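Just below is one structure, and these are the notes that go with it.
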Amino acid sequence: MDKTQMEKEDIAYRQQVVNEYRADVEKLARYVPWLESKNGMSVQQSYAGSGIAENSISFPVYDGTLMSFIKEAQRTKLMDRNYKYVYSRNRIRVLEDELLAIKRSDIREMDVLKGILSRYVMEGMTKGRRWSEAVENGIFLKVIKKMKENLDFWDHPVQTRVVNVKKEEKQE
């Protein structure tokens with residue numbers, strides 16, 4: 001394959017990724033201002049009403065906006081049930097690895113961003129603290145912002161740089 005053919009295929013692939021995920025990322029991007037305002041803060045409380053603490057274990061009660069975000073995320077193509085494979089393939093083990101992977105991801109690594117988002121959304125269904133951790137640590141915020149940044153960058157055709165050459169004016 002020659003170089004121009006490979007470049008055309010690369011551009012076509014990137015455009016395919018943009019077209020596939022643009023609508024879903026835009027849906028989740030609506031929550032960015034809320035996620036920014038809650039970054040570093042707890043978005044859950046433990047229900048202790050009706051004397052539940054005496055007779056049973058307490059359970060988390062989440063912010064309504066967080067629940068809307070989770071439901072919206074679950075309905076998108078951004079959920080990857082094989083997120084554990086993404087973690088093992090990219091040697092992501094701890095929070096710092098996740099943050100570094102988010103920072104380094106570009107349009108070709110959308111699967112990494114999807115995997116990190118999927119982990120927190122899906123594990124939150126069974127692990128009561130996971131959604132709050134994602135908001136407090138800024139995982140949801142950083143993943144959505146990075147996805148949007150990648151899609152915005154590649155959504156426009158690459159423009160060639162135009163150099164303005166100053167024409168010499170003819171003196172009469």
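The values are calculated or read from the model by the stated rules, or taken from the named source; none is laboratory data. The model shown is predicted, which means the values in this text are computed figures rather than measured ones. Virtual Cβ from ideal backbone geometry, glycine too; neighbours counted across all protein chains shown. Calculation scope for accessible area: heavy atoms of the full protein, side chains included, ligands and nucleic acids excluded. Shrake-Rupley method; radii C 1.70, N 1.55, O 1.52, S 1.80 Å.
See the values below:
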{"read-out": "Helices (runs of 4 or more DSSP H) wholly inside the range 64-107 containing at least 2 residues that are small (G, A, S) and open to solvent by less than 70 Å² (accessible area, probe 1.4 Å)", "value": "64-74"}
{"read-out": "Matching residues, the range 27-37, being part of a helix (DSSP H, G or I) and either surrounded by fewer than 14 Cβ atoms within 10 Å (Cβ to Cβ) or touching a Ser or Thr at 6+ places or on another chain (Cβ under 8 Å) (or both)", "value": "K27, L28, P33, W34, E36, S37"}
{"read-out": "Every pair of residues 6+ apart whose Cβ atoms lie under 9 Å, when the first sits in the range 1-26 and is loosely packed, with under 11 Cβ neighbours inside 10 Å while the second is modelled with pLDDT under 90", "value": "M1/E9"}
{"read-out": "Selected residue (criterion: nearest to V17 (Cα to Cα)) from residues of the range 91-134 that are among the acidic types (D, E) and in contact (Cβ under 8 Å) with a residue 40 or more places away in the chain", "value": "D106"}
{"read-out": "Flag if S118 is of a type in the set (S, T, N, Q), outside any loop (DSSP other than H, G, I, E, B), under 24 Å from R81 (Cβ atoms) and at pLDDT below 95", "value": "no"}
{"read-out": "Residue that is farthest from the chain's Cα centre (by Cα), among those in the range 93-141 that are basic (K, R) and over 18 Å from Q74 (Cα atoms)", "value": "R93"}
